[in-house]
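The values are calculated or read from the model by the stated rules, or taken from the named source; none is laboratory data. Quick caveat: nothing in here was measured; it's all calculated off a predicted structure. Cβ placement follows ideal geometry from the backbone for every residue including glycine, while neighbour counts extend to all protein chains displayed. Areas reflect the complete protein model, heavy atoms only, side chains present, ligands, DNA and RNA absent. Shrake-Rupley method; radii C 1.70, N 1.55, O 1.52, S 1.80 Å.
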Amino acid sequence: QVRLVESGGGLVQPGGSLSLSCVASGAIFKLNAMGWYRQAPGKQRELVAVQTSGSTTNYGESVKGRFTISRDGAKNTAFLTMNSLNPEDTAVYYCYARVSLNAYSVPRDYWGQGTQVTVSS
């Protein structure tokens, strides 16, 4: 019912920058929150950045000051700008959205398929 499509991953050198985008589509009544999580090999999925519809933003501790999330509400799109990347940022980055399908339903969480970000020289 709801589809999240990420784009923008790839290979970048340490100290470099990269941007990701995610578009949500489908039977969306309200996007309550949208953002990014990541999962490195052998590690649990962790918060990168999430922004609510009220513009409250939460960042993971390891990315504060380096990553910035933004949203285009009219286009159901989220962007992640990543600066000062280091090898520890290497992971699969997953788009996340908390969606209300109508005015009465409990919001549900949806995930994209993920995009690989590799930081290496």
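Note down the net charge around A49, summing +1 for each Lys or Arg and -1 for each Asp or Glu among other residues with Cβ under 12 Å from its Cβ. Net of charged neighbours comes to +2. Per-atom-type breakdown for the chain gives carbon and sulfur 47% of the accessible area (1.4 Å probe, protein chains only). The mean accessible area for residues of the range 6-115, using a 1.4 Å probe and ignoring ligands and nucleic acids, is 53 Å² per residue.
Here the label points at V5 and T52, each 7 Å from Cα along the C-beta direction, are separated by 3.0 nm in the simple model. Under the convention that each Lys and Arg Cβ holds +1 and each Asp and Glu Cβ holds -1, the size of the dipole of the chain around its Cα centre is about 280 debye.
Loop-located chymotrypsin sites (Phe, Trp or Tyr not before Pro) in the range 1-67 (DSSP state other than H, G, I, E, B) with a sparse environment of at most 12 neighbouring Cβ atoms within 10 Å are absent. Ranking Y59, S84, A97 by how far each Cα lies toward the positive end of the dipole of the range 20-121 (charges on Cβ) leaves A97 at the top. Net charge in the neighbourhood of Q113 (other residues with Cβ under 12 Å of its Cβ; Lys, Arg +1, Asp, Glu -1) is 0.
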